[in-house]
Amino acid sequence: DQQVKQNSPSLSVQEGRISILNCDYTNSMFDYFLWYKKYPAEGPTFLISISSIKDKNEDGRFTVFLNKSAKHLSLHIVPSQPGDSAVYFCAAIPWSDDMRFGAGTRLTVKP
Amino acid sequence: DTAVSQTPKYLVTQMGNDKSIKCEQNLGHDTMYWYKQDSKKFLKIMFSYNNKELIINETVPNRFSPKSPDKAHLNLHINSLELGDSAVYFCASSQGRGGQPQHFGDGTRLSIL
């Protein structure tokens with residue numbers, strides 16, 4: 001059962017514009033949501049997280065928004081840079097249980 | 001000074017063999033994990049372990065077993081390898097469980113001939 005879904009396998013954006021990566025989840029017991037970034041032949045790298053009691057968390061060019069009523073979160077990257085090109089995984093974790101990952105979205109930022 | 005390192009990076013072997021993948025973390029974390037990334041690119045938890053508790057995903061065959069000689073290491077042993085075991089295996093660690101971010105190794109690509 002896929003509790004965390006990233007329905008867009010890929011996204012292409014022009015450098016300098018905003019990238020919006022989306023994620024939906026089904027389990028209302030998730031306490032934390034995280035975004036990971038993955039380059040080829042490397043492991044996922046933690047990017048940003050948000051607690052279920054918040055609706056927004058910002059870190060530099062990265063902002064994560066959480067809409068609990070819609071069971072939806074999104075990652076905004078602005079401005080997008082070519083070095084942001086990678087696969088982005090959404091992940092969710094219920095307290096004291098294990099993390100669930102989405103299938104990933106491949107972001108390509110074109111110069 | 002890699003935070004989470006796993007070896008080997010590539011492992012090619014035949015069906016029926018027994019193999020191990022090593023994982024070490026130098027972050028002082030108390031919890032370690034093994035994930036499998038399948039052909040559809042889903043990352044699925046296999047095991048999570050700290051010095052008190054081993055949690056096994058019920059879908060993982062008992063041919064797979066984690067071994068932790070100490071807090072900094074969690075090795076993955078696989079017996080009687082099957083074609084379906086071909087995947088990329090990632091080790092990770094975190095300080096505690098819950099919402100703590102996990103730090104991942106670069107993965108081991110296992111190919112079964």
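Would region B:74-81 turn up any residue that is open to solvent by 40 Å² or more (accessible area, probe 1.4 Å), in a strand (DSSP E or B) and touching a strand residue (DSSP E or B) at 6+ places or on another chain (Cβ under 8 Å)? Yes, region B:74-81 has at least one match.
Here is a yes/no grid of residues against (1) within 30 Å of A:I50 (Cβ to Cβ); (2) touching a helix residue (DSSP H, G or I) at 6+ places or on another chain (Cβ under 9 Å); (3) open to solvent by less than 30 Å² (accessible area, probe 1.4 Å); (4) at the interface with chain A (Cβ under 9 Å from one of its Cβ atoms):
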{"site": "B:G16", "(1), (2), (3), (4)": "no, no, no, no"}
{"site": "B:M32", "(1), (2), (3), (4)": "yes, no, yes, no"}
{"site": "B:K36", "(1), (2), (3), (4)": "yes, yes, no, no"}
{"site": "B:K71", "(1), (2), (3), (4)": "yes, no, no, no"}
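Would region B:43-62 turn up any residue that is open to solvent by less than 70 Å² (accessible area, probe 1.4 Å) and under 21 Å from A:V87 (Cα atoms)? Checked against the condition, which is being open to solvent by less than 70 Å² (accessible area, probe 1.4 Å) and under 21 Å from A:V87 (Cα atoms), region B:43-62 yields at least one hit. Of the residues making up region B:84-93, one or more are part of a loop (DSSP other than H, G, I, E, B) and in contact (Cβ under 8 Å) with a residue 12 or more places away in the chain. One residue stands out among those in region A:57-111 that are part of a loop (DSSP other than H, G, I, E, B) and within 14 Å of chain B (Cβ to nearest Cβ): the one that is surrounded by the fewest Cβ atoms within 10 Å (Cβ to Cβ), which is A:S96.
Assessment of region A:35-56 against the conditions (part of a strand (DSSP E or B), farther than 19 Å from A:P94 by Cα and away from every other protein chain (no Cβ under 14 Å)) yields no matching residue.
The values are calculated or read from the model by the stated rules, or taken from the named source; none is laboratory data. Just so you know, these numbers come straight off a predicted model, no measurement behind them. Methodologically, a virtual Cβ is constructed for each residue, glycine included, from the backbone with ideal geometry; neighbour enumeration extends over all protein chains shown. The area values use the complete protein model at the heavy-atom level, side chains included, leaving out ligands, DNA and RNA. Shrake-Rupley method; radii C 1.70, N 1.55, O 1.52, S 1.80 Å.
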